[in-house]
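Worksheet for the structure shown next.
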Amino acid sequence: KAGVTQTPRYLIKTRGQQVTLSCSPISGHRSVSWYQQTPGQGLQFLFEYFSETQRNKGNFPGRFSGRQFSNSRSEMNVSTLELGDSALYLCASSLVGFPYTEAFFGQGTRLTVV
Amino acid sequence: GQQVMQIPQYQHVQEGEDFTTYCNSSTTLSNIQWYKQRPGGHPVFLIQLVKSGEVKKQKRLTFQFGEAKKNSSLHITATQTTDVGTYFCAGHSGGSNYKLTFGKGTLLTVNP
């Protein structure tokens, strides 16, 4: 079966701009989680969606937002980009929710803010 | 909030040597998962532990969950070059909390 697809794979943006990242989960998976990965902080939880509802949000500023569509595809948006937002953004899909079942990560989107 | 500490941060071994990484949570966990991330890759699920004192094996890998469900370990016997990567533990505090808190990982390098 097809894996988790994240687009784009690489992105370079300028400070102040906004960006939208996309995640297509494995077919049948209804839960999508987003994580930010940086060398210093490791994997930090952003938010989790299930059937178009956000069930959990991490400790990130309001510039970080997300949504999930009826086909379970998810997007996350970062507005007013800062240099510190440079990171690998990973999404993970699972059947019912990350902590309860195996999760499958996408390849990630590498965002560089200059 | 919940914190998950993982040690060591780095481990370099000679091929054939054993390797262990340890994970400690500031709170009691409902379950814990382990992931492996190869250099340049994405995290790949290895296993989930749920029960107090649980021990699971996958070939040369042995995973343990502490009796108090606050710590866990991953032990690799006779490492191979294919074991290279970062190993993460990720803990869940339970309830209607749909997030995993990741440790910062242990980067394992293996000298052939």
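Here are the numbers for the structure shown:
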{"quantity": "Residue in segment B:29-44 that is more than 23 Å from residue A:45 (Cα to Cα), of a type in the set (A, V, I, L, M, F, W, C) and without any contact (Cβ under 8 Å) to a residue 12 or more places away in the chain present", "calculated": "no"}
{"quantity": "Flag if residue B:81 is of a type in the set (Ser, Thr, Tyr) and more than 30 Å from residue A:5 (Cα to Cα)", "calculated": "no"}
{"quantity": "Some residue of segment A:48-64 being modelled with pLDDT under 95, of a type in the set (S, T, N, Q) and not in a strand (DSSP E or B)", "calculated": "yes"}
{"quantity": "From A:16, A:40, residue being out of contact with any helix residue (DSSP H, G or I) (no Cβ under 9 Å at 6 or more places or on another chain), touching a residue at least 12 places away in the same chain (Cβ under 8 Å) and either over 19 Å from residue A:100 (Cβ atoms) or part of a loop (DSSP other than H, G, I, E, B) (or both)", "calculated": "A:16"}
{"quantity": "Selection count where residues are in contact with a Gly (Cβ under 9 Å, 6 or more places away or on another chain), facing another protein chain (nearest Cβ under 10 Å) and surrounded by fewer than 22 Cβ atoms within 10 Å (Cβ to Cβ), scope segment A:32-55", "calculated": "7"}
{"quantity": "Top-ranked residue in segment B:89-100 [being surrounded by 21 or more Cβ atoms within 10 Å (Cβ to Cβ) and at the interface with chain A (Cβ under 7 Å from one of its Cβ atoms); ranked as farthest from residue A:46 (Cα to Cα)]", "calculated": "B:92"}
{"quantity": "Residues of segment A:68-96 satisfying the condition of being of a type in the set (D, E, K, R), surrounded by 13 or more Cβ atoms within 10 Å (Cβ to Cβ) and more than 10 Å from the chain's Cα centre (by Cα)", "calculated": "A:73, A:85"}
{"quantity": "Among residues of segment A:71-88, those that are farther than 21 Å from residue A:53 by Cβ and among the hydroxyl-bearing types (Ser, Thr, Tyr), counted", "calculated": "3"}
{"quantity": "Residue ID - nearest to residue B:17 (Cα to Cα), chosen from residues in segment B:76-97 that are among the β-branched types (Val, Ile, Thr) and not in a loop (DSSP other than H, G, I, E, B)", "calculated": "B:76"}
{"quantity": "Residue match in segment B:59-75 (condition: over 13 Å from residue B:107 (Cβ atoms), at pLDDT 95 or above, within 14 Å of chain A (Cβ to nearest Cβ) and assigned to a loop (DSSP other than H, G, I, E, B))", "calculated": "yes"}
{"quantity": "Residue in segment B:73-87 that is farthest from residue A:56 (Cα to Cα), counting only those that are touching a residue at least 12 places away in the same chain (Cβ under 8 Å) and out of contact with any Ser or Thr (no Cβ under 8 Å at 6 or more places or on another chain)", "calculated": "B:78"}
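Residue by residue, here is whether (1) polar (S, T, N, Q); (2) surrounded by 12 or more Cβ atoms within 10 Å (Cβ to Cβ); (3) part of a loop (DSSP other than H, G, I, E, B); (4) in contact with an Asp or Glu (Cβ under 9 Å, 6 or more places away or on another chain) holds:
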site: B:1; (1), (2), (3), (4): no, no, yes, no
site: B:17; (1), (2), (3), (4): no, yes, yes, no
site: B:21; (1), (2), (3), (4): yes, yes, no, no
site: B:24; (1), (2), (3), (4): yes, yes, no, no
site: B:28; (1), (2), (3), (4): yes, yes, yes, no
site: B:33; (1), (2), (3), (4): yes, yes, no, yes
site: B:51; (1), (2), (3), (4): no, no, yes, no
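The values are calculated or read from the model by the stated rules, or taken from the named source; none is laboratory data. These numbers were taken from a predicted model, which means no experiment stands behind them. A quick note on method: Cβ atoms are made from the backbone with ideal geometry, for glycine too, and the neighbour counts reach across all protein chains shown.
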